[in-house]
Amino acid sequence: MRYYETVNDRLMSTTDADAAVVRRGGQPPRPRYQNHRAIDDAHGVITAVETTPGSVAENHRLVPLVEQHHANTGQPVATVVGDHKYGTSENFVACAQRGIRTHLGELRAKQRHVRSAGIFPDRAFAYDATTNTVRCPAGQTMKPRRLHPTKRTWEYQLPQKVCAACALRPQCTRAQKYGRTIHRHEHQELLESARAQSHSAAARRDRQRRQHLAEGSFADAANHHGFKRARWRRLWRVRIQDWLIAAIQNIKILIKNWLQPVAAVGAALQIAPVGGGNGHRCPLWLNGGQLFALRPRPVRFQTN
């Protein structure tokens, strides 16, 4: 459900209606597309590719890339690796529900909340699963107010007059009028378990490896295959260009590693039109279709 209208929704390119007008870095706004891909950890093979307008957030394409990888390769993803842009609550929970290890950076760790400094953290509020209530540090019971329709989080709050009379209020909230609100995901246990995986030493090593494996795939595409500039207008044509680039990169890997191609050489061009982000890293490290008869091993998947 949308609660606001983004700038991209109010602008349209007169030369390419499919491209979103986006600003990147210090560059001025201009029509752009975004490529999302998954890359295999063993050889850097692109196993999933999706091209979208430039306004599509990378974190929204992680699950479609995982599904495309499975469809292209016939192998489930064991571990997904990505930077903090992919580390949203939705992605952590979605991966946990699929039994996928999450070696993602955590988005909230990059966000600074100055207003929350010096007040009780959320862990100071005790959750009671039997009654679906939360007990605050002052001993008051916070009842669920609503379930957020898109974030899928329960919102817990006390009546305004109760918080106003509390002696611990200065340590609990910076709000001038209302009291403290606690948000808890409907699958909080899965979320906490997935977040714990992302803080492991193995996850940190994987994210370091992603920097050269997944980024290297995009650098090769940009430096040697014209990846940075669309040759044609309209999304369906740009998708063809991105599929061809990914296929060529995979063929180069095939030649370099002396791997045997799968049943037909034409399979190297069968890159399904499913989702990805602007460079995904994962063990799977997100990339393209199953092109090679790789040595059997647990699949690690990276998003870029």
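Rule-based calculations on the coordinates, nothing more; no lab input. The structure presented is a predicted model; accordingly, all values stated were derived computationally and were not measured. Positions of Cβ are backbone-derived with ideal geometry, glycine not excepted, and every protein chain shown enters the neighbour counts.
Some values worked out for this structure:
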quantity: Matching option when the condition is in contact with a Leu (Cβ under 6 Å, 6 or more places away or on another chain) and either within 17 Å of Ala221 (Cβ to Cβ) or assigned to a helix (DSSP H, G or I) (or both), among Asn91, Asn72; calculated: Asn91
quantity: Pair list, Cβ < 8 Å and 6+ apart or interchain, from region 63-83 residues that are charged (D, E, K, R) to residues that are part of a helix (DSSP H, G or I) and surrounded by fewer than 23 Cβ atoms within 10 Å (Cβ to Cβ); calculated: Asp83/Arg207
quantity: Check on Val77, crowded, with 23+ Cβ neighbours inside 10 Å and of a type outside the set (Lys, Arg); calculated: yes
quantity: Among the residues listed as Gly179, Gly226, the single one being more than 21 Å from the chain's Cα centre (by Cα), surrounded by fewer than 18 Cβ atoms within 10 Å (Cβ to Cβ) and among the small types (Gly, Ala, Ser); calculated: Gly226
quantity: Residue that is farthest from Thr79 (Cα to Cα), among those in region 210-251 that are basic (Lys, Arg) and touching a residue at least 24 places away in the same chain (Cβ under 8 Å); calculated: Arg233
